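What follows is calculated from the coordinates using simple rules that are stated; it is not laboratory data. What you see is a predicted model; the values in this text were computed from it and never measured. Positions of Cβ are backbone-derived with ideal geometry, glycine not excepted, and every protein chain shown enters the neighbour counts.
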Amino acid sequence: MKGVSRWRIAAAVFVLAALVGFAVLIAPIYLHNLQLQEFVTGVAQRDASQPPPDDVLRSQVLDKAHALELPVTEDEVHVLHSSEGLRIEVRYFVRVDLPGYTVNLHFYPGAGSR
């Protein structure tokens, strides 16, 4: 039985290294988005009977997003009021530049009070 050729081993190592490199680049972005989601959930559920003004809520979400180094702008944070209560939605994307390829990761953290 003949062993695996060296070029196949090298190709496999290259592919695995590329996958690990990609994961290292995007994992922090997904982690920060998860932290933003938890923050938005906490803000939306905190004192639902007497919520702060929309500008204050928007500012809190923006401050947290910028602390997490997420590219969220003011017009991407939506504070909605309905009969069901308060809802905060954030829609943004993060551009990731890879060698030879660029990807936009879209995120939609949001939460409502009930």
Honestly the range 28-112 on the Cα gyration tensor test (a ≥ b ≥ c root eigenvalues; a/c under 1.5 rounded, otherwise a/b vs b/c for prolate or oblate) is just prolate
List Y92, Y108 from most exposed to least, where exposure is judged by having the fewest other Cβ atoms within 10 Å.
Y108, Y92
When the charge dipole of the range 28-112 is computed with +1 at the Cβ of Lys and Arg and -1 at the Cβ of Asp and Glu, the Cα pointing farthest to the positive end, of T102, V40, L62, is that of T102
Taking the Cβ of each residue in R87, R46 as the centre, tally the other Cβ atoms inside 10 Å and list the residues starting with the fewest.
R46, R87
Net charge, I29 excluded, C-beta distance under 14 Å - Lys, Arg +1, Asp, Glu -1:
-1
Principal-axis tilt of helix 54-67 within the chain, Cα atoms, nearest 10 degrees:
20
Selected from L57, L68, L19 as most flexible by GNM, with the chain as the system and alpha-carbon contacts under 10 Å
L19
Compare the peptides 9-17, 34-42, 21-29 by average per-residue count of other Cβ atoms within 10 angstrom and give them in order, highest first.
34-42, 21-29, 9-17
Once label points are set 7 Å from the Cα along Cα→Cβ at both Q50 and F14, what is their separation, rounded to one decimal in nm?
6.5
What helix-only [θ] at 222 nm does the chain give? Using -39500 (n - 2.57) per DSSP H run of at least 4, over all residues, to the nearest 500, the answer is -17000 deg cm²/dmol
Listing K64, K2 from the residue with the fewest other Cβ atoms within 10 Å to the one with the most, what is the order?
K2, K64
Mean separation of Cα contacts under 8 Å (at least 6 apart) over the residue count of the chain, i.e. the relative contact order in percent, is 24
